[in-house]
Amino acid sequence: MSRGRIDFIELACADVGEMQDFYSAVFGWEFERFGPTYACTMTGDVDLGFQADMPEQTVAPLTVIQVPDLEEALASVEAVGGVVTRPIFAFPGGRRFHFRDPAGNELAAHKPD
């Protein structure tokens, strides 16, 4: 029996608005602002927060985001200024690519088989 699950991921950044714009454009996510240095999704599932308060920032882990159309996600990342760091590749269970967002955080988007 599981005693817990991942329900939130927080990414360090310098500009919360830039991060909101990027992720809204790529994945269609909506964010709630909690002051000038913090915003997050409020889905109740696994939510994503942006931390721009330097003393509160931590090193961000690689976050993997499941998408229905990998090629569309890749095109969206590039269209809004994201940097692809590893092109689409296969791995056991699916395919994915890695990218950097405007704050330099590296993430991955994947589509399961």
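Where a number appears in this text, it was derived from the coordinates with a stated rule and is not lab data. None of these values were measured; they are calculated from a predicted model. Glycine also receives a Cβ, built like all others from the backbone with ideal geometry; neighbour counts cover every protein chain displayed.
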- [ ] Run a plain Debye calculation on region 62-107 (Cα atoms as equal point scatterers, no solvent) and give log10 I(q)/I(0) at q = 0.16 Å⁻¹, rounded to two decimals, same order as the q list.
- [x] -0.39
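Do you know the relative contact order of the chain, to the nearest whole percent, from alpha carbon pairs under 8 angstrom that are 6+ apart? Intermediate results must be reported in sequence, preceding the final value.
Values: 205 pairs, mean separation 29.0, N = 113.
Value for the chain: 26 percent.
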Task: Crossing angle, helix 70-79 versus the chain [Cα axis fit, 0-90 degrees, rounded to tens] - done: 50
Task: Share antiparallel - DSSP beta bridges, the chain, percent rounded to 5 - done: 65
- [ ] Provide the gained length on full extension for the span residue 56 to residue 79, in nm with one decimal, where the gain is 0.36 nm per separating residue minus the Cα-Cα distance.
- [x] 5.2 nm
Open item on the list: Using the basic label-point model (7 angstrom from Cα toward the beta carbon), what is the residue 46 to residue 64 distance in nanometres?
Closed with: 0.8
TODO: Determine ³J(HN,Hα), in whole Hz, for all residues of region 41-55 in sequence, where each value follows from phi through the Karplus function 6.51 cos²θ - 1.76 cosθ + 1.60 and θ = phi - 60°; x replaces Gly and Pro.
DONE: 6, 9, 7, x, 9, 7, 9, 10, x, 10, 10, 9, 7, 3, x
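Between residue 15 and residue 27, what is 0.36 nm times their sequence separation minus the Cα-Cα distance? Round to one decimal in nm.
Numbers: separation 12, 0.36 × 12 = 4.32 nm, distance 1.85 nm.
Fully extending the segment from residue 15 to residue 27 adds 2.5 nm.
Let me know the Kirkwood hydrodynamic radius for region 8-112, please, with Cα pairs as the basis and the value in Å to one decimal. Let's see the in-between values first.
Details: mean 1/r = 0.0715 Å⁻¹.
Radius from the Kirkwood sum: 14.0 Å.
Roughly speaking, what is the stretch gain from residue 86 to residue 6, that is 0.36 nm per residue apart minus the C-alpha to C-alpha distance, in nm to one decimal? Don't skip to the answer; put the middle values down first.
Working: separation 80, 0.36 × 80 = 28.80 nm, distance 2.49 nm.
Here the answer is 26.3 nm.
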Open item on the list: Please check: in the Gaussian network model of the chain (C-alpha springs, under 10 Å), which one of 92, 61, 102 has the largest mean-square fluctuation.
Closed with: 92
Open item on the list: Could you compute the net charge surrounding residue 15? Neighbours are other residues with a C-beta less than 14 Å from the C-beta of residue 15; K and R count +1, D and E count -1.
Closed with: -3
Task: the chain - mean residue ellipticity at 222 nm from DSSP helices (-39,500 (n - 2.57) per run, n ≥ 4, rounded to 500) - done: -6000 deg cm²/dmol
TODO: Report ³J(HN,Hα) in whole Hz for each residue of region 96-112, in order, from the Karplus equation J = 6.51 cos²θ - 1.76 cosθ + 1.60 where θ = phi - 60°; Gly and Pro get x.
DONE: 7, 9, 10, 8, 10, 8, x, 8, x, 6, 9, 10, 9, 10, 9, 10, x
